[in-house]
Amino acid sequence: MLEDKDAIRELVARYGPMADAGDAAGVAGLWSESGTYAVGGVAEAKGQAAIAGLIDGEMHQNLLAKGCAHLLGPVAIELDGDTAVARGHSVVFCRDETGYIVWRVAANRWELTRMPEGWRVSRRINAPLDGGEAARMLLGFADLA
Amino acid sequence: MLEDKDAIRELVARYGPMADAGDAAGVAGLWSESGTYAVGGVAEAKGQAAIAGLIDGEMHQNLLAKGCAHLLGPVAIELDGDTAVARGHSVVFCRDETGYIVWRVAANRWELTRMPEGWRVSRRINAPLDGGEAARMLLGFADLA
Amino acid sequence: MLEDKDAIRELVARYGPMADAGDAAGVAGLWSESGTYAVGGVAEAKGQAAIAGLIDGEMHQNLLAKGCAHLLGPVAIELDGDTAVARGHSVVFCRDETGYIVWRVAANRWELTRMPEGWRVSRRINAPLDGGEAARMLLGFADLA
C-alpha cells in the first residue's frame, strides 16, 4: 500500500516539473499508451502522442516562453487493487509584463492503473474552478458514473 | 512510522478537495468529534457540526459560487506516539471578474490524534500570513504553550 | 527506499514553514555544513552560516514584515544510494497594500546527501521561471553536467 501510494505521488509530482521543462516525451510517458487527458475548456487528448502534442502545442509553448509554473497540490489517493483515483488541485502561474498572474486554477481527477512497468495515468480530467459543477464533481468523493 | 505519516498526509490532502467540492460532512469527518478549527480573523468552530457549518456557511458558499481553490502546501510532521503535529501553508484562490486572485495566505498548525478509526484532527489553528506573530508562531518548531 | 523518500519529503516540507517563521538556524540545519543555496538573480550562499544569513537578511526580513509564504510544490525524487535529487516548484506570495501578490515563481533542484545524522541538502539551485533556460534545465530529468 505504501509503495503504491509513493509511486502514485511520485508520478503526479513529475507532471509539473516535466511540463515546465517542456519535456513532451516525459509527460506523455506518465500516461499509459491509450491514456487520455481532458483539459476542461481547452483540449481532449487521447493517447501518448496527443498528450505530447499538448506540451509541444502553441498554447503551452507560449506559456513556457513567458515563464510558467504548473503547481500541483497534494493528492488524496484511493487505492483499489490495480487501479487508483487521485484528486487534487493544479494552479498555473504565468508571467506577464507586471509580474506573475494566476492563470488557471483547476480541479483534477487522476485515474491510474498498475501496468507491468509501474503505475500510469489511464485518464486525467481537469476542470477550471469557476463555480460550475464540473470541477466540484471531480473533487468529490462520490464516484463519477 | 511511515504508515502514520502517510495517513496524516492523506488526511491533510483530503481537506482542500473536500472543501472545494462543498462536502461539509466529509470535511467535518476529518476532525474528531470534539475537534476544533480556529480560522484566524474569521471563525472558531468547536465540534464536527460547527466545522461542517463553516463549509455550509455564507462565506464559504460565496467562494464556491465564484470558483475557489483551497491549495495546501506539503506538511512537516512531528509524530509523538498517538499524537502528531503537522505544519504547513494554505492558500485560497478565488475567481473575480478579472481572473483569479490570491484571496488568503495562511499558516496552519494541525494537531492530530490517533483514534480507533484512524488519525483525526483534534485542533487546527490557521492564521493569515500578514506580518504578525500569530502565523509565525504556528509555523515555528518551538512548541506552543 | 520509502524511508529515504519520506525523510527527503519531510526535509523539503520543513523549508517553507521554517523560512516563514524566520527560523534561520532551523533553515540552515536542513543543509549540510558545507551545503550551498544558489538563489537565481538574488544570492549564492555557501555554508550554513551564509544560508542562515539569507533568512536574517534584509530582503527576507522585509518579506516577513509584510507577510509572506514560501509555498513548495510536491517534489519528484530520484534516489541513488546515499545521494538524491529532488525537483519541484516554489512560489513566494507576499502581502502588499491591495492584498497578496505572487512575488516569485521558481524552479528548484535539490541535491541531497545521506549524512550520519540523516538526509541533508548539499546543494539547492533555484531559478525564476521567466521563460529562460536556467529554470527549465533545473526541472528537466536529463542530468546537469
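The values are calculated or read from the model by the stated rules, or taken from the named source; none is laboratory data. Computed from a prediction, not measured in an experiment: that's the story for all the values here. Backbone-built Cβ (ideal geometry, glycine too); neighbour counts: all protein chains shown. Just the protein is used for accessible areas: all its heavy atoms, side chains included, with ligands, DNA and RNA removed. Shrake-Rupley method; radii C 1.70, N 1.55, O 1.52, S 1.80 Å.
Any idea which residue in the range B:107-123 is most open to solvent (accessible area, probe 1.4 Å), counting only those that are in contact with a helix residue (DSSP H, G or I) (Cβ under 9 Å, 6 or more places away or on another chain), under 16 Å from residue B:75 (Cβ atoms) and not small (Gly, Ala, Ser)?
B:120
If I filter the range A:19-32 for residues that are more than 25 Å from residue C:129 (Cα to Cα), modelled with pLDDT of 95 or more and out of contact with any strand residue (DSSP E or B) (no Cβ under 7 Å at 6 or more places or on another chain), do I get at least one hit?
no
So residue A:136 clears everything in (1) within 14 Å of chain B (Cβ to nearest Cβ); (2) of a type outside the set (Ser, Thr, Tyr); (3) closer than 29 Å to residue C:131 by Cα except one condition, right? Which one?
(3)
Does the range B:1-10 hold any residues that are touching a strand residue (DSSP E or B) at 6+ places or on another chain (Cβ under 8 Å), among the acidic types (Asp, Glu) and facing chain A (nearest Cβ under 10 Å), and which are they?
Across the range B:1-10, the qualifying residue is only B:10.
Answer yes or no as to whether residue B:104 is of a type outside the set (Val, Ile, Thr), open to solvent by 20 Å² or more (accessible area, probe 1.4 Å) and over 26 Å from residue B:10 (Cβ atoms). Spell out how you get there, then give the answer.
Working: of a type outside the set (Val, Ile, Thr): yes; open to solvent by 20 Å² or more (accessible area, probe 1.4 Å): yes; over 26 Å from residue B:10 (Cβ atoms): no.
Spelling it out, it is not the case that residue B:104 is of a type outside the set (Val, Ile, Thr), open to solvent by 20 Å² or more (accessible area, probe 1.4 Å) and over 26 Å from residue B:10 (Cβ atoms).
I'm told residue B:84 meets every condition in (1) open to solvent by 20 Å² or more (accessible area, probe 1.4 Å); (2) farther than 21 Å from residue A:107 by Cβ except one. Can you identify the failing condition by its number?
Every condition holds for residue B:84 apart from (1).
Report, ordered by the first and then the second residue, all pairs with beta carbons closer than 6 Å, sequence separation of six or more or different chains, a first member in the range C:17-29 that is farther than 19 Å from residue B:91 by Cα, and a second member that is assigned to a loop (DSSP other than H, G, I, E, B) and at pLDDT 95 or above.
none
Tell me, please, whether a residue that is among the aromatic types (Phe, Trp, Tyr) and more than 22 Å from residue C:28 (Cβ to Cβ) can be found in the range C:95-105.
yes
Can you tell me which residue is surrounded by the fewest Cβ atoms within 10 Å (Cβ to Cβ) among those in the range A:43-69 that are within 14 Å of the chain's Cα centre (by Cα) and in contact (Cβ under 8 Å) with a residue 40 or more places away in the chain?
Going through the qualifying residues, I end up with A:60.
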